[in-house]
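Remarks on the structure that follows.
No lab work stands behind these numbers, since they all come straight from the coordinates. What you see is a predicted model; the values in this text were computed from it and never measured. Cβ: placed from backbone, ideal geometry, glycine included. Neighbour counts: every protein chain shown.
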Amino acid sequence: MNVKPEFGPSFVGCNADSPVAICTLSSPDLLDELARSPIAARVAIIGPLETENIGIEQMLTTLLERPRIRWLIVCGDESRGRYQGQALRALFESGVAPDGTIRDARSRRARLTNLAAEHVEAVRRQVRLCDLVGISEVARVADQVDRCQADDPGAFEEHVELPRVEPIVAPSRRFRLAEHDPQGFFVVLIDRAAERLLVEHYAEDGALAHRIAAGDAESMCSALIEWGLVSRLDHAAYLGRELAKAEYALRQGAPYRQDEPL
């Protein structure tokens, strides 16, 4: 039995010989609880499903890459408005239309544009769905794992050729601003006494134009863009990086110096 932990972009799994996978939808606490429990060593993979389109595409690809998986237990809560659990159930029940739309899905965004219908049909032949949507009790999930393992049809024997898009590897280099933003430049600071971030905005001539305070990087970025204080994409990317670093330093009590690594 292979029980070496495996970690992907958003999933965890331990037992490559297991026929069972678990999807926890939009319930990260349930995912963490299952990953720490004895269940993790008995299933092939545990992962979330946040969206009814790209998320489902990534899930189907993961299942096809692992022909040993024959059961998918879907548990936890879905996001209101996305209805990704309902979309997944509709896919297994009804498949997709020629344009990739999941038949009978409630969400209008439930459309698969990067997988062909043949891939969807292969998953429907490979995997059987166990619908525990809305259930977060670990004991209930464990009981379903037992039932699935007792009805193991063996590895899926059909060969399915998956589309491959290899990542473009960016070269390692320090990010530098190519030129000044005509709107001015910024100094990023931490106000620890008030537990907030500060940004000083200077005009091109070096005169202080604005001093802005925000409780987090997201709010600060929104304000800088909404108020038109940034006009260049590279400057916006730079500020996003620096503000994220500053917020992390503020929360962790770590030192922060602009343009220096944490």
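Working ranking of peptides 191-200, 89-98, 34-43 by packing, defined as the average number of other Cβ atoms within 10 Å per residue, highest first, is 34-43, 89-98, 191-200. Farthest towards the positive end of the charge dipole of the chain, among the residues LEU88, ASN53, ALA223, is the Cα of LEU88, using unit charges on the Cβ of Lys, Arg, Asp and Glu. For Rg/Rh (Cα atoms, Kirkwood Rh), the listed values are (1) 0.98; (2) 0.94; (3) 1.10; which was obtained by calculation from the structure presented? Checking each listed value against the structure points to (3). When only the Cβ of Lys, Arg, Asp and Glu is charged (+1, +1, -1, -1), the dipole of the chain relative to its Cα centre reaches about 200 debye.
DSSP bridge analysis restricted to region 6-150 gives an antiparallel fraction near 30%, rounded to the nearest 5.
Classify region 37-132 as rounded, prolate or oblate, taking a ≥ b ≥ c as the square roots of the eigenvalues of its Cα gyration tensor: rounded when a/c is under 1.5, otherwise prolate if a/b is larger than b/c and oblate if not.
Judged from the Cα gyration tensor, region 37-132 comes out oblate (a/c at least 1.5, b/c at or above a/b).
Could you work out how far the C-alpha centroid of region 187-235 sits from that of region 109-175, in angstrom? The distance from the Cα centre of region 187-235 to that of region 109-175 comes to 43 Å. Here region 41-107 is assigned +1 on the Cβ of each Lys and Arg and -1 on the Cβ of each Asp and Glu. Its dipole about the Cα centre then comes out at about 300 debye. So if R0 is 51 Å, what FRET efficiency would HIS210 and ASP29 give, r being the distance between their Cβ atoms, rounded to the nearest 0.05? Plugging the Cβ-Cβ distance into 1/(1 + (r/R0)^6) gives 0.80.
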